[in-house]
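Each remark here refers to the structure printed beneath this line.
The values are calculated or read from the model by the stated rules, or taken from the named source; none is laboratory data. All of these numbers come straight from a predicted model, not from anything done at the bench. We place every Cβ from the backbone using ideal geometry, glycine too, and count neighbours over all the protein chains shown. With ligands, DNA and RNA removed, areas are computed over all heavy atoms of the protein, side chains included. Shrake-Rupley method; radii C 1.70, N 1.55, O 1.52, S 1.80 Å.
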Amino acid sequence: MSNYSSAQIQRTLVAIELMAGHEVYGIEPKTLATQLGCSGSDVTRILANLREAGWAEPLRNDNQRWRLNKKPVHICNTVSHNITNAIRDLQIEQSKYSEVTA
């Protein structure tokens, strides 16, 4: 790791990855702790920070299980939209150059 790397931030990022795919039934903090190789209090801190940032939430019907919130989906949708627009713009430019050579 570089001098700028933070073990806590790295665990948080891995927690996000581990939570992906558990949107319907959620994942238990104990499972996250095991998979992250950290303590339950570390996971509690991670989940509290993710919740505050709008990235995770407890399930409505079972507050012992957690899932990702809408924020990462919105970010992915924004990236996808921007890439689609960039591809469209490039295709327009390509067609302009194709007209010149034809």
Self-check item: Members of segment 35-51 that are of a type outside the set (D, E, K, R) and either closer than 14 Å to Ile16 by Cα or part of a strand (DSSP E or B) (or both)
Solution: Gln35, Leu36, Val43, Thr44, Ile46, Leu47, Ala48, Asn49, Leu50
Quiz item: For segment 52-61, does any single residue satisfy the condition of being modelled with pLDDT of 95 or more, assigned to a helix (DSSP H, G or I) and of a type in the set (A, V, I, L, M, F, W, C)?
Solution: no
Self-check item: Considering residues of segment 19-33 that are aliphatic (A, V, I, L, M), more than 16 Å from Ile9 (Cβ to Cβ) and not in a strand (DSSP E or B) only, the residue least open to solvent (accessible area, probe 1.4 Å)
Solution: Ala33
Practice problem: State the number of residues belonging to segment 1-17 that are within 16 Å of Lys71 (Cα to Cα) and open to solvent by less than 70 Å² (accessible area, probe 1.4 Å). | Solution: 3
Quiz item: Which pairs do you get when a residue that is loosely packed, with under 12 Cβ neighbours inside 10 Å, found in segment 34-53, comes within reach of a residue that is part of a helix (DSSP H, G or I), reach meaning Cβ atoms under 8 angstrom, with the pair 6+ apart or on two chains?
Solution: Ser39/Ala33; Ala53/Lys71
Practice problem: Could you tell me whether any residue of segment 95-102 is among the aromatic types (Phe, Trp, Tyr), open to solvent by 50 Å² or more (accessible area, probe 1.4 Å) and part of a helix (DSSP H, G or I)? | Solution: yes
